[in-house]
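The structure appears right after this line, and notes come after that.
The values are calculated or read from the model by the stated rules, or taken from the named source; none is laboratory data. Being a predicted model, the structure only gives us computed values, none of them experimental. Neighbour counts run over all protein chains shown; Cβ positions are idealised from the backbone, glycine included.
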Amino acid sequence: MRFYSVVAGIGSILTILQLSIGPFVQQIIQYEIRSANITAASIPIAISYDGIGCNNAIGTCFDIPLSMKAAVMNAALDIGASIIDFDIAPYCPTGNCTWEPYQSLAVCSKCADLTGQLNGIPTHVHGTPGSAATNWTLSNGIYLVDELFRSSQGLVTMMINNTAQTKIPSVAFANVGSSSPLLDVFIIVGQAYYTDRILDGHLIGPFAAECMLELCVQSYQASEINGIFQEYPLLSPIMLPTPQSYGTSKIFTVTNFPVSFEAGIPLKEFLRDTFTGVILQYDNILPLWPDAVTQAIFTSMNSTPNGIDATMKNIAKSMTRNMRTSIDDGPTVSGQAFTDRTFVRIEWAWMSFPAALLLADLCFLLIVVCQTRAYFIPNWKENVLATLFFGLDMEDKHEYQGLNGSREMDTMAKNLRVKLVADEGGWSLKRA
């Protein structure tokens, strides 16, 4: 009898535990957002450059495309532009893309401040009584004569010259970079009013700088996150020389990035002719601008100490973008485009309690089945007669105690009438 009580107690506990299984089941399936690679992305690169601005079918022609000229001029004249304004435009349909490191033919720039290397030699201006001048000279022979009149009228002057035109050696980059850059330009500015360099309202100066543009092979790392594209240079670029003169060879090759003579030399000559000029400006008189590029360079140097460096970087990046995008269906680097997707994740730890409870239920069922079979307990299933006969009072229950099986109960129940009465022990069924 005690064993049956223990089994009944276990059954009650299992029934109560069934009520707490819900929260565990709800935690089994988890939903999470992940980035999934759904399609391909691409970014243009340049593995060669042979941009020619005219049709060779009608004869010999050496020029660069108008698009490259526009790339140089737009970056040079837009002195307020940011470096990101000249970023490449990748193909990233989802707005979230990544690329493995890659290489591309590019244009690299660098600038150096040569002010500390200027050598000022006082001199006189012939034919101008009461005037004095200073001959500001660099070690490579580039010079600027800056006149200052005793009437306090200041003469602002600037000269732009480059090695491509006069074969003048570099000062700051003599042992750095390629032996034949696209452009090596020297800028000397005499005494002038500088926005960020003014000293008690007086003319100060002079200033000098050297900037270089070179063909290079640049390694990049790129990504686009939430529609914002970023491309970072990796390591130091490999500098490439440009052709010195026209020759019989049609391709000037360094590593795996060829540059044709028909494109390299005209590009070099275009930069040479563009970055040359002299500015004269008397105090309170509008300056005499020889061209727009010279005016832009003077303005950039007049804005901040690093203005010319930023302008040259913009020019280099704009030229690089033109090299990489000027060819329709040109070479590209493939990447991966990601988008958010919902994934179903199974938390197996949360299944431990439901699984243990299920195992306990099976064990409990097995115990009940074995005990029922051992004591020859009939299989009443859902027959309510067993409950009714069990509810008879003690006298009547003793009379029907020998009934075995539902068939005997069905037979006895047809001739039995009972009523529900209250006695000292509670309610019970008695024969009517």
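Here are the numbers for the structure shown:
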| item | result |
| --- | --- |
| Residue in region 34-43 that is surrounded by 13 or more Cβ atoms within 10 Å (Cβ to Cβ), part of a loop (DSSP other than H, G, I, E, B) and touching a strand residue (DSSP E or B) at 6+ places or on another chain (Cβ under 7 Å) present | no |
| Subset of region 288-297 that is out of contact with any helix residue (DSSP H, G or I) (no Cβ under 7 Å at 6 or more places or on another chain) and modelled with pLDDT of 80 or more - its residue that is surrounded by the most Cβ atoms within 10 Å (Cβ to Cβ) | Thr294 |
| Conditions (1) part of a helix (DSSP H, G or I); (2) at pLDDT 80 or above; (3) in the same structural domain as Ser318 (by TED's automatic domain parsing); (4) small (Gly, Ala, Ser): number failed by Ala57 | (2) |
| Test: Ile79 is modelled with pLDDT under 90 and closer than 16 Å to Met312 by Cα | yes |
| Matching residues in region 72-101 - criterion: being β-branched (Val, Ile, Thr) and crowded, with 17+ Cβ neighbours inside 10 Å | Val72, Ile79, Ile88, Thr94, Thr98 |
| Residue in region 325-347 that is outside any strand (DSSP E or B), within 30 Å of Arg34 (Cβ to Cβ) and modelled with pLDDT of 75 or more present | yes |
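Condition check ((1) in a loop (DSSP other than H, G, I, E, B); (2) under 18 Å from the mean Cα position of the chain (by Cα); (3) farther than 30 Å from Val259 by Cα; (4) at pLDDT 90 or above) across all residues:
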{"position": "Ile64", "(1), (2), (3), (4)": "yes, no, no, no"}
{"position": "Ala75", "(1), (2), (3), (4)": "no, no, no, yes"}
{"position": "Cys108", "(1), (2), (3), (4)": "no, no, no, yes"}
{"position": "Cys111", "(1), (2), (3), (4)": "no, no, no, yes"}
{"position": "Gly116", "(1), (2), (3), (4)": "no, no, yes, no"}
{"position": "Val125", "(1), (2), (3), (4)": "yes, no, yes, no"}
{"position": "Asn140", "(1), (2), (3), (4)": "yes, no, no, no"}
